[in-house]
Amino acid sequence: MELLKNKILQEGKVLSESVLKVDSFLNHQIDPELMQEIGKEFATRFADSNITKILSIESSGIAPAMMAGLYLGVPVIFARKRKSLTLTDHLYTSSVHSFTKNETNDISVSKDFLLADDVVLVIDDFLANGQAVHGLVDIIEQAKAQLAGVGIVIEKGFQPGGAAIREQGIRVESLANIRSLVNGKVEFFSEVNAK
Ligand code: 5GP
């Protein structure tokens with residue numbers, strides 16, 4: 001998605017050979033018009049999948065998931081990283097190790113919102129080692145719902161998550177796929193290689 005790639009090139013900050021900071025439009029300040037285009041793009045790519053729900057994870061997955069939900073006309077659920085006081089044991093839970101924070105969180109989703117007849121699209125901001133997606137897929141399996149695929153805003157294709165998830169036969173659509181962050185420079189896979 002050219003609009004997104006240009007934004008990454010203009011505003012992304014390469015913090016190391018493995019971490020990209022995009023605080024100006026995705027992870028802290030949010031660019032609503034860009035999110036709208038991202039939502040449209042996910043909706044187009046998964047238009048034929050009969051999606052009934054989107055599942056994301058707080059906090060940075062929510063904005064793109066929300067816009068995709070708007071264009072697909074379906075509700076958006078986000079997994080919580082801490083059990084809230086109002087949620088009791090009526091929950092699906094999974095453990096997720098955070099790539100950026102180097103900590104493990106239990107994520108949870110209320111059993112009220114994910115049902116066995118749902119067809120679910122998973123959406124997240126980044127795909128690195130695949131832990132976040134793995135936890136969300138685990139929750140979908142616990143609910144006995146159907147997984148339609150995974151939509152990622154920025155995949156770091158030089159890390160193993162994307163390949164591991166695709167090897168399981170899961171459809172992954174990333175809107176920008178980074179080949180390298182070496183020497184402070186962002187390089188993308190071409191669209192052909194990215195899929
Ligand atoms: P994974 O679970 O695939 O290893 O990592 C994905 C999660 O880690 C995303 O939800 C995202 O919040 C965070 N993440 C991973 N890599 C990066 C990165 O390079 N930059 C930012 N801003 N977040 C990242």
Quiz item: At a Förster radius of 35 Å, what calculated FRET efficiency corresponds to the Cβ-Cβ distance of Asn6 and Ala163, to the nearest 0.05?
Solution: 0.85
Quiz prompt | Filtered GluC sites (Glu not before Pro), region 28-84: DSSP coil and at most 16 other beta carbons within 10 Å | solution = Glu58
Quiz prompt | Sequence ranges 179-186, 89-96, 124-131, ranked by mean other-Cβ count within 10 angstrom, highest first | solution = 124-131, 89-96, 179-186
Quiz item: In terms of the Cα gyration tensor, with a ≥ b ≥ c the square roots of its eigenvalues, is region 1-105 rounded because a/c is under 1.5, prolate because a/b exceeds b/c, or oblate?
Solution: oblate
Quiz item: If you put +1 on each Lys and Arg Cβ and -1 on each Asp and Glu Cβ, how big is the dipole of region 1-121 around its Cα centre, in Debye rounded to 20?
Solution: 260
Quiz item: Out of Val150, Ile54, Gln131, whose Cα points farthest toward the positive end of the dipole of the chain (charges: +1 Lys, Arg; -1 Asp, Glu; placed on Cβ)?
Solution: Gln131
Exercise. Check each of the GluC sites (Glu not before Pro) in region 97-170 and keep only those in coil by DSSP with at most 14 other C-beta atoms within 10 angstrom; list them in order.
Key: Glu103
Practice problem: Only Lys, Arg, Asp and Glu count, each charged at its Cβ (+1, +1, -1, -1), so figure out the dipole size of region 95-177 about its Cα centre, rounded to 20 debye. | Solution: 180
Quiz item: Measuring with a 1.4 Å probe in the full set of protein chains, what accessible area per residue, in whole Å², belongs to the chain?
Solution: 50
Quiz item: Which value, in Å² rounded to 10, gives the accessible area of His134 with a 1.4 Å probe and all protein chains present?
Solution: 110
Quiz prompt | Percentage relative contact order, the chain, counting C-alpha pairs under 8 Å, at least six apart | solution = 19
Self-check item: Length-normalised contact order of region 101-195 in % [C-alpha pairs under 8 Å, at least 6 apart]
Solution: 24
Self-check item: FRET efficiency for Asp138 and Ser49, using Cβ-Cβ distance with R0 set to 22 Å, rounded to 0.05
Solution: 0.65
Quiz item: Across region 155-170, in residue order, what do the Karplus-derived ³J(HN,Hα) couplings come to in whole Hz, using 6.51 cos²θ - 1.76 cosθ + 1.60 with θ = phi - 60° and x for Gly and Pro?
Solution: 9, 9, x, 7, 9, x, x, x, 5, 5, 6, 5, 4, 7, x, 8
Self-check item: Sequence-distant residues sharing a close amide H with Val172 (under 5 Å, placed H)
Solution: Val150
Practice problem: Return the distance in nm (one decimal) between the two label points of a simple spin-label model at Ile170 and Asn183, each offset 7 Å from Cα along Cα→Cβ. | Solution: 3.5
Quiz prompt | Amide H partners (placed H, <5 Å) of Phe78, local residues excluded | solution = Ser56
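If R0 is 25 Å, what FRET efficiency do you get for Ser16 and Ser190 from their C-beta distance, rounded to 0.05?
The value I calculate is 0.55.
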Exercise. Take the solvent-accessible surface of the protein heavy atoms, probe 1.4 Å, and return the percent of it on region 2-184 that carbon and sulfur atoms account for.
Key: 48
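The values are calculated or read from the model by the stated rules, or taken from the named source; none is laboratory data. Here the structure is a predicted model, which is why all the values come from computation and not from measurement. Using ideal geometry, Cβ is built from the backbone for each residue, glycine included, and neighbour counts are taken over all protein chains shown. To get the accessible areas, we keep the full protein, side chains included, count just its heavy atoms, and leave off ligands, DNA and RNA. Shrake-Rupley method; radii C 1.70, N 1.55, O 1.52, S 1.80 Å.
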